[in-house]
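Worksheet: one structure, shown below.
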Amino acid sequence: MKSVKLSFEEKGVQFDFSAPVEDFANEVQTAMVNIATSKGSDPINPDKGTDLLKEAVAGRLINIRSAEHFANFAALDTLFLFRQFEDTNDQNRLAKVTLKPVEFAAGKLTLDAQFTSASNEVIGVLSNITDNA
Amino acid sequence: MATDLTTTYYPPLAEITDAAVTDVRSRLDTYLKQGWPALDTRPGSPFGDLMLTPLAYMVAAHEEAIGRVLSDLDLENVANGTIYNCDFVEKYLKNFAVYEQATLQSSGVIRLTFSADSTYTLDRQLRFLFNEDQLFYMRLPCPGPMTILPVGSTPAENQNCKVLTQFGLDSYVVDIPVVGSSTAAILVGDEPELSELPDNLTSAEALIDFDLGNPPEGLKELAKKTRETFYSASVSNRGGAKRFIQKEFPEASAVSPILSGDAEMLRDTVNPLGISQGTLDLYVKSKSYPFQDTHTIRLNYYAQQQGSDLQKFIGELVLPEVPYQLKTITAVDAPDLNLNPTGQNIKILAQSKNIAKAPYAAAGYSSQEQLWLTIDMPFVDDSPAIALSLDENGQEYALFEISYVCDPLLGPIDATIQSLENKPVGVDTLTKGFVSARIDRFTIKYTRKPGTTVNLTNAKEEIYNYLRGLGYPNVYSDSMIGDIMFYNGVEDQIQIECIGVLRWSVADLFMPPDAADPEEDYVACVDDCREAPAIDFVNSSGLLLEYTDPHIGTSGETFCVVGIKNIAYLIDKDTIRFSETYR
């Protein structure tokens with residue numbers, strides 16, 4: 001599938017009409033949008049989005065372990081949403097979503113996101129954090 | 001000019017349900033995939049969220065709007081009060097010649113009085129103007145002018161003809177049905193201006209309260225009328241006849257066509273080939289029913305006839321309208337004399353003008369019935385109580401004032417049905433009033449909760465209007481009386497006492513076609529007559545009487561038949577009484 005390309009930048013998301021986004025890159029783009037969408041914000045698609053942002057705003061992300069917990073749920077919610085629309089013959093379909101918190105500071109959570117297709121194509125990198133304590 | 005659907009038929013956005021939008025979105029997605037299978041339309045995709053979902057809302061609203069347009073085209077919905085765009089529906093109904101409230105035709109009857117018994121021709125364009133702006137014209141079922149003929153004339157067929165009736169010594173009346181437009185009430189006695197004054201015209205006035213022609217409600221009632229009248233064009237079948245009359249005469253309150261094969265039909269015959277000939281009895285009643293009119297007639301006095309004492313007044317009972325009941329008879333020169341129309345000293349004889357078409361009782365309450373009135377001379381101390389006058393031929397006579405009940409709509413409907421344009425081919429049609437069940441006493445026994453009041457005045461009015469307005473398919477029901485009493489404060493209705501008599505004619509005797517002329521040989525005439533049946537009833541089940549002449553096919557047949565399809569009720573408000581029962 002293809003779609004309008006979104007450019008995820010520091011100042012926000014911009015439309016990039018220079019070229020469409022296709023295949024697995026399109027899946028990843030849509031998945032990223034879904035992770036950041038609050039669940040329940042779309043009345044006709046109640047399964048769209050995740051609770052990650054809502055939980056963060058509610059103050060339930062108290063440490064990196066709780067952030068990891070909610071990030072895992074967000075990844076699963078995204079995967080289950082995609083399963084509702086996927087074509088099982090499509091090798092570009094989303095097969096695995098991994099969200100890993102890498103930095104948890106006051107007011108800010110940084111996540112690594114990695115997406116794997118049915119054909120094992122991977123987009124995204126997961127950092128390895130070493131605890132030297 | 002384009003119609004703005006968003007302001008006329010679109011629902012508010014908040015009224016569009018999520019289920020409706022989801023369904024539309026799914027259908028649009030399937031539709032788009034036919035042309036663009038690779039386009040990502042999923043939730044979360046730019047096109048899916050920013051284009052397809054808002055479009056789904058628009059399409060859902062549009063589908064609802066289309067449904068509403070179709071609903072406005074469905075007159076059943078409009079008749080039930082579901083209207084989304086009044087302007088559109090109003091214009092739509094005009095396609096069926098159904099007009100706005102202000103211009104729907106009013107109708108009524110005007111009585112013209114002339115000073116000379118002569119022939120008059122009223123131009124077709126003759127107009128009657130009430131209150132300076134309410135214009136009426138004659139209801140003429142046939143082409144050409146209206147011809148008014150002298151007393152005793154026979155009106156020509158397929159022409160607009162009416163015959164004068166003598167009202168007084170130098171006074172002759174004729175009733176003219178009129179239609180026009182009116183938004184204000186025109187009441188009995190209102191006098192119009194005429195666009196042209198016929199010779200010898202002494203007065204013109206409204207005979208009855210005119211029907212305004214306005215529907216009780218706006219578009220809803222118009223749509224109801226359209227549904228009822230649109231599908232009919234012909235008088236030759238039951239539904240067509242009913243709807244034709246209702247369309248042409250909105251003031252008709254009840255129309256009941258009886259056809260060959262119905263229980264209430266006895267006129268149908270079988271020709272020598274064994275083929276049943278089509279007959280249609282059209283029973284009609286107007287909102288003006290029962291209308292009370294008064295007329296003065298002359299009756300010749302016969303002291304003797306055929307060499308024997310007779311001492312009777314005998315004469316043809318010619319009234320402007322077909323009588324349903326004679327209320328009072330008063331000798332003009334002896335108004336204090338008690339002349340009871342139902343007494344033994346007064347007899348009414350009836351003869352059918354066309355025995356093949358309307359034999360005996362079948363002619364009752366129709367223009368096919370010719371009536372004679374006979375009154376025994378009352379004596380006081382062996383002297384005649386009524387003074388006699390002598391005409392130029394030496395005939396003794398007296399004048400009598402007759403007060404009678406009629407329906408002014410009967411004549412106009414009959415004329416319309418019999419006109420060349422409307423007369424059904426191959427169907428023998430007879431227009432007549434419903435068979436009259438006269439209610440002489442209607443007493444309701446009831447109980448009341450202590451401390452409550454019962455609005456008997458209102459109850460009487462409602463019961464009177466209910467009984468007066470009944471005519472098939474609106475059939476009498478005791479429970480309706482109960483409802484009226486209940487809503488006026490009664491706790492329980494114990495009993496309805498209903499006493500009256502059912503008659504097929506005002507006549508007491510039916511004359512066969514070969515009967516002697518009563519003014520030449522009254523005794524022989526009466527000997528030839530057969531008695532007109534009258535059925536007394538003593539409870540409310542009498543209001544749903546069913547009766548068929550048991551002598552049909554024999555020499556004593558009278559063609560009397562009644563059932564729920566041709567019965568109606570004559571009642572005075574004062575006969576409705578109430579009796580409280582105390583627990």
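The values are calculated or read from the model by the stated rules, or taken from the named source; none is laboratory data. Nothing here was measured: the structure is a model prediction, and the numbers come from that model. Cβ coordinates were reconstructed from backbone atoms using ideal geometry, including for glycine residues, and neighbour counts include every protein chain displayed. Ligands, DNA and RNA are stripped out before the accessible areas are found, and what is left, the full protein with its side chains, is counted by its heavy atoms. Shrake-Rupley method; radii C 1.70, N 1.55, O 1.52, S 1.80 Å.
Taking residue B:555, is it more than 22 Å from residue B:359 (Cα to Cα) and of a type in the set (Gly, Ala, Ser)? No; evaluated as a whole, the condition is false for this residue.
To keep it simple, each residue is scored yes or no on (1) buried (at least 17 other Cβ atoms within 10 Å of the Cβ); (2) without any contact (Cβ under 8 Å) to a residue 60 or more places away in the chain.
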{"residue": "B:417", "(1), (2)": "yes, no"}
{"residue": "B:428", "(1), (2)": "yes, no"}
{"residue": "B:435", "(1), (2)": "yes, no"}
{"residue": "B:443", "(1), (2)": "no, no"}
{"residue": "B:451", "(1), (2)": "no, yes"}
{"residue": "B:456", "(1), (2)": "yes, no"}
{"residue": "B:461", "(1), (2)": "no, no"}
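When the residues of region B:56-96 are filtered to those that are of a type in the set (Ser, Thr, Tyr) and in a loop (DSSP other than H, G, I, E, B), the one that is modelled with the lowest pLDDT is B:82. Looking across B:148, B:110, one residue alone is in contact (Cβ under 8 Å) with a residue 24 or more places away in the chain and either within 22 Å of residue B:211 (Cβ to Cβ) or not in a strand (DSSP E or B) (or both). It is B:110.
Looking at A:47, A:42, which is the one that is open to solvent by less than 80 Å² (accessible area, probe 1.4 Å) and either in contact with a Pro (Cβ under 7 Å, 6 or more places away or on another chain) or in a strand (DSSP E or B) (or both)?
Working: A:47 fails: either in contact with a Pro (Cβ under 7 Å, 6 or more places away or on another chain) or in a strand (DSSP E or B) (or both).
None of the other options fit; the residue is A:42.
Out of A:52, A:76, one residue alone is open to solvent by less than 70 Å² (accessible area, probe 1.4 Å) and hydrophobic (A, V, I, L, M, F, W, C). It is A:52. Taking the stated definitions as given, is residue B:356 aliphatic (A, V, I, L, M) and open to solvent by less than 30 Å² (accessible area, probe 1.4 Å)? No, not satisfied. Taken over region B:360-379, the criterion of being part of a loop (DSSP other than H, G, I, E, B) and either surrounded by 20 or more Cβ atoms within 10 Å (Cβ to Cβ) or hydroxyl-bearing (Ser, Thr, Tyr) (or both) is satisfied by B:364, B:365, B:366, B:367, B:368.
For region B:33-55, enumerate the residues that are open to solvent by 40 Å² or more (accessible area, probe 1.4 Å), assigned to a helix (DSSP H, G or I) and more than 9 Å from chain A (Cβ to nearest Cβ).
Initial filter on region B:33-55 (open to solvent by 40 Å² or more (accessible area, probe 1.4 Å)): B:33-39, B:47, B:49-51, B:54-55.
From the residues that got through so far, the ones that are assigned to a helix (DSSP H, G or I) too are B:33, B:47, B:49-51, B:54-55.
Listed by number, the residues that qualify are B:33, B:51, B:54, B:55.
Any residue at all in region A:17-24 that is away from chain B (no Cβ under 11 Å) and buried (at least 18 other Cβ atoms within 10 Å of the Cβ)? Yes, region A:17-24 contains a residue that is away from chain B (no Cβ under 11 Å) and buried (at least 18 other Cβ atoms within 10 Å of the Cβ).
For residues that are open to solvent by 40 Å² or more (accessible area, probe 1.4 Å) and touching a residue at least 12 places away in the same chain (Cβ under 8 Å), tally how many sit in region B:293-329. Spell out the reasoning first.
If we filter region B:293-329 for residues that are open to solvent by 40 Å² or more (accessible area, probe 1.4 Å), which is where we start, we get B:294, B:298, B:303-304, B:306-309, B:311, B:316, B:318, B:327-328.
With the extra rule that they be touching a residue at least 12 places away in the same chain (Cβ under 8 Å), the set shrinks to B:294, B:298, B:303, B:306, B:308, B:311, B:316, B:318, B:327-328.
So the count comes out to 10.
Output yes when any residue across region B:370-379 is among the acidic types (Asp, Glu), in contact with a Lys or Arg (Cβ under 6 Å, 6 or more places away or on another chain) and closer than 22 Å to residue B:517 by Cβ, and no when none is. Let's see the steps before the verdict.
Taking region B:370-379 first, the residues among the acidic types (Asp, Glu) are B:376.
Remaining after also requiring in contact with a Lys or Arg (Cβ under 6 Å, 6 or more places away or on another chain): B:376.
Now narrow it down to the ones that are closer than 22 Å to residue B:517 by Cβ: B:376.
There is at least one residue in region B:370-379 that is among the acidic types (Asp, Glu), in contact with a Lys or Arg (Cβ under 6 Å, 6 or more places away or on another chain) and closer than 22 Å to residue B:517 by Cβ.
Taken together, the residues in region B:2-16 that are β-branched (Val, Ile, Thr) and either outside any loop (DSSP other than H, G, I, E, B) or in contact with a Ser or Thr (Cβ under 8 Å, 6 or more places away or on another chain) (or both) amount to 3. Counting the residues of region B:525-563 that are open to solvent by 30 Å² or more (accessible area, probe 1.4 Å) and not in a loop (DSSP other than H, G, I, E, B) gives 14. For region A:53-88, the set of residues classified as part of a loop (DSSP other than H, G, I, E, B), out of contact with any helix residue (DSSP H, G or I) (no Cβ under 9 Å at 6 or more places or on another chain) and away from chain B (no Cβ under 13 Å) consists of A:58, A:59, A:62, A:63, A:88, listed by residue number. Picking from residues in region B:122-133 that are touching a residue at least 40 places away in the same chain (Cβ under 8 Å) and closer than 16 Å to residue B:147 by Cβ, the one that is most open to solvent (accessible area, probe 1.4 Å) is B:125. Scan region A:32-52 for residues that are within 14 Å of another protein chain (Cβ to nearest Cβ) and closer than 17 Å to residue A:113 by Cα and jot them down. Residues satisfying the conditions are A:32, A:33, A:34, A:35, A:36, A:37, A:49, A:50.
In region B:334-348, the count of residues that are modelled with pLDDT under 95 and under 24 Å from the mean Cα position of the chain (by Cα) is zero.
Scanning region B:276-292 for residues that are modelled with pLDDT of 90 or more and either of a type in the set (A, V, I, L, M, F, W, C) or surrounded by fewer than 20 Cβ atoms within 10 Å (Cβ to Cβ) (or both) gives B:282, B:284, B:291, B:292.
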